[in-house]
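Chemist: Right, I'll just put the structure down here and ask away after.
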Amino acid sequence: MPAEIIDGRKISGEIREELKQRVAELKKKGITPGLAAILVGEDPASLSYLKGIGKGCDEVGVYTETISLPEDIKDEGLLENIERLNRDPRFHGIILQLPLPKHLDALKAESAISAQKDVDGTNPVNAGKLLMGESTFFPSTPYGVQELLVRSGHSPEKKHVVVCGRSNIVGKPLMGILVQKQKGANATVTVCHTGTQDLPSITRQADILVAAMGKAKAITADMVKEGAVVIDVGVNMIDNPEIPGKRKMVGDVDFDAVKEKAKAITPVPGGTGPVTSTMLMANTIRAAEAMAAG
């Protein structure tokens, strides 16, 4: 039997309806949640992503503004803009669109964002709190993965989760979230990466398999246990064999083959992507609520 399709757009819509109610309560107090996005240069993928964030923010009632900076800006100029936003009361959340041009120090910039406004969880202070199980902002993609699992009825609690990928924005924080002794977590987590030997022998042990490798169709059917839940975080553009000269978006999972073996699976597009942007809005609203509470 083909796998249940975990519909990220549907789950995102449900969360956004909840967020609208929270924004309405804030606006009764004269507070409009605000999100500032810093973009260095004009990377097309980043522009597209931020355009989507803007539309989502408009939908739920969050004020958003993109601060576009020149490609050749120096570290000092970037840090000055971050500090200005830290002081600006219109913004309760700040995100720094990555990757940055190679001449800029990303860690220094992420560290400069106020921990209270770091709604994508990239400040090392918040990253440390996440690992220790303290209250903090979760990075939006792993936060979205957790929400997808819980809201689709596939809670990671007491399950073996195998995460393929150890990036600072997905793999590592997802491990930190799911390993905590908390509701919606409490999983046994294995993190695999390019140094992992005999990867298929490990992925076949997973009750929940998360692909965050950045390589198209890297997870094949023979790597998946019968009845596993598969979450595909990958976003890759490949040539479309059905339309010569065109490209299409695929994930890190060989979707057509794996869906015949898995219990449930996320599609690409329409899986983790919509929920990722929604959780960024959720964090911004949470930051506004915290500031409102003093």
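Chemist: Report the full-extension gain for the segment ASP105 to LYS20: residue separation times 0.36 nm, less the Cα-Cα distance, to one decimal in nm.
Modeler: Working: separation 85, 0.36 × 85 = 30.60 nm, distance 3.61 nm.
Contour length minus the Cα-Cα distance gives 27.0 nm.
Chemist: Rank these by accessible area, largest first, 1.4 Å probe: TYR63, TYR143.
Modeler: Values: TYR63 90, TYR143 50 Å².
In descending accessible area the options line up as TYR63, TYR143.
Chemist: So what's the projected area for region 11-103, the Cα convex hull averaged over all directions, in nm²?
Modeler: Values: hull surface 26.0 nm².
For the Cα atoms of region 11-103, the hull's average projected area reads 6.5 nm².
Chemist: Quick check for you: which residues of region 186-218 have the amide N under 11 Å from the point 7 Å beyond the Cα of ASP256 toward its beta carbon?
Modeler: none
Chemist: While we're on this one: How big is the C-alpha Rg of region 6-58 next to the rule-of-thumb value 2.2 N^0.38 Å, as a ratio? Please report the intermediate quantities before stating the final value.
Modeler: Working: Rg = 14.0 Å, N = 53, 2.2 N^0.38 = 9.9 Å.
For region 6-58, the normalised Cα radius of gyration is 1.41.
Chemist: When the helix-only estimate is applied to the chain (DSSP H runs of n ≥ 4, each -39,500 (n - 2.57), divided by the residue count), what is the mean residue ellipticity at 222 nm, nearest 500 deg cm²/dmol? Don't skip to the answer; put the middle values down first.
Modeler: Working: 10 runs with 117 residues, N = 294.
Taking each H run of at least 4 residues, the total per residue is -12500 deg cm²/dmol.
Chemist: Considering the alpha-carbon set of the chain alone, what are its Rg and its Dmax in angstrom?
Modeler: That works out to 19.2, 57 Å for Rg and Dmax.
Chemist: Please calculate the 1.4 Å probe accessible area of ASP239, with all protein chains present, and give it to the nearest 10 Å².
Modeler: 110
Chemist: Please tell me the relative contact order of region 191-248 in percent, rounded to the nearest whole number, where contacts are Cα pairs under 8 Å and at least six residues apart. Provide the component values of the computation, followed by the final result.
Modeler: Working: 64 pairs, mean separation 17.9, N = 58.
So the answer I get is 31 percent.
Chemist: Given the pairs LYS10/LYS183; LYS215/LYS246; LYS74/LYS172; LYS217/LYS261; LYS102/LYS248; LYS20/LYS51, which are separated by over 24 angstrom at their Cα positions? Before the final figure, lay out each step's value.
Modeler: On the way: LYS10/LYS183 22 Å; LYS215/LYS246 19 Å; LYS74/LYS172 29 Å; LYS217/LYS261 15 Å; LYS102/LYS248 28 Å; LYS20/LYS51 19 Å.
Over 24 Å Cα-Cα: LYS74/LYS172; LYS102/LYS248.
Chemist: With a 1.4 Å probe and every protein chain kept in, tell me what percent of the accessible surface of the chain is carbon plus sulfur.
Modeler: Working: 7470 of 14150 Å².
So the carbon and sulfur contribution to the accessible surface is 53 percent.
Chemist: Reported to two decimal places, what Rg/Rh ratio describes region 95-160 when computed on Cα atoms with Rh from the Kirkwood expression?
Modeler: Rg divided by Rh gives 1.07.
Chemist: Can I ask one more? Express in Å², to the nearest 10, the accessible area of ARG166 obtained by rolling a 1.4 Å probe over the protein heavy atoms while all chains stay in place.
Modeler: 110
Chemist: Quick one: what are the phi-derived ³J(HN,Hα) couplings along region 139-150, Karplus 6.51/-1.76/1.60 with θ = phi - 60°, whole Hz, x for glycine and proline?
Modeler: 3J(HN,Hα) across region 139-150, in whole Hz: x, 5, 5, x, 4, x, 4, 4, 5, 4, 5, 5.
Chemist: In nanometres, what is the gap between the two model label sites at LYS51 and GLU65, each 7 Å from Cα along Cα-to-Cβ?
Modeler: Reported label-point gap for LYS51 and GLU65 is 2.2 nm.
Chemist: Also: Which parts of region 1-28 would a label at VAL150 reach, counting a residue when its backbone N lies under 19 Å from a point 7 Å out along Cα-to-Cβ?
Modeler: It comes to 6-23, nothing else.
Chemist: In addition: For a quick check: with amide H placed at 1.01 Å from N, whose amide H comes under 5 Å from VAL191's, ignoring anything fewer than 5 positions away on the same chain?
Modeler: VAL163
Chemist: Related question: By how many nm would the segment from LYS215 to ASN240 lengthen if fully extended, with 0.36 nm per residue of separation less the alpha-carbon distance?
Modeler: Working: separation 25, 0.36 × 25 = 9.00 nm, distance 1.60 nm.
Roughly 7.4 nm would be gained on extension.
Chemist: With every protein chain in place, what's the accessible area of LYS117 (1.4 Å probe, Å², nearest 10)?
Modeler: Here the accessible area works out near 10 Å².
Chemist: Same structure, new question: Could you derive backbone 3J(HN,Hα) for region 114-122 from the dihedral phi with the Karplus parameters 6.51, -1.76 and 1.60 (θ = phi - 60°), listing whole Hz in sequence and x where the residue is Gly or Pro?
Modeler: 3, 4, 6, 10, 7, 7, 10, x, 9
Chemist: Can you give the accessible area per residue of region 152-262, in Å², using a 1.4 Å probe? List each step's numbers first, then the result.
Modeler: Values: 5600 Å² over 111 residues.
For region 152-262, the solvent-accessible area averages 50 Å² per residue.
Chemist: Same structure, new question: Relative contact order, percent, of the chain when contacts are C-alpha pairs under 8 Å separated by at least 6 residues?
Modeler: Numbers: 591 pairs, mean separation 65.5, N = 294.
Computed over the chain, the figure is 22 percent.
Chemist: Of the beta bridges DSSP finds with both residues in the chain, what % are antiparallel, to the nearest 5? All intermediate terms of the calculation are to be shown ahead of the outcome.
Modeler: Numbers: 4 of 34 bridges.
Of those bridges, close to 10 percent are antiparallel.
Chemist: Tabulate in residue order the Karplus-calculated ³J(HN,Hα) for region 263-273, using 6.51 cos²θ - 1.76 cosθ + 1.60 with θ = phi - 60°, rounded to whole Hz; enter x for Gly and Pro.
Modeler: So the Karplus estimates, Gly and Pro as x, are 7, 8, 7, 9, x, 9, x, x, x, 6, x Hz.
Chemist: When the Cα centres of region 145-209 and region 82-110 are compared, how far apart do they sit, in Å?
Modeler: 29
Chemist: Ok, one more. If I stretch the segment between LYS248 and ALA292 completely, what's the gain in nm (0.36 nm per residue apart, minus their alpha carbon distance), one decimal?
Modeler: Values: separation 44, 0.36 × 44 = 15.84 nm, distance 4.37 nm.
Gain on stretching LYS248 to ALA292: 11.5 nm.
Chemist: Next up: Ranked highest first by average number of other Cβ atoms within 10 Å, how do 130-138, 147-155, 271-279 line up?
Modeler: Details: 130-138: 16.7, 147-155: 18.9, 271-279: 26.1.
Ranked from most to least packed, the peptides come out as 271-279, 147-155, 130-138.
Chemist: Counting only protein chains, not ligands or nucleic acids, how are HIS193, HIS160 ordered by accessible area (probe 1.4 Å), most first?
Modeler: Listed by decreasing accessible area, they come as HIS193, HIS160.
The values are calculated or read from the model by the stated rules, or taken from the named source; none is laboratory data. Since we're looking at a predicted model, the values are computed, not measured. Cβ coordinates were reconstructed from backbone atoms using ideal geometry, including for glycine residues, and neighbour counts include every protein chain displayed. What goes into the accessible areas is simple: the full protein's heavy atoms, side chains included, and nothing from ligands, DNA or RNA. Shrake-Rupley method; radii C 1.70, N 1.55, O 1.52, S 1.80 Å.
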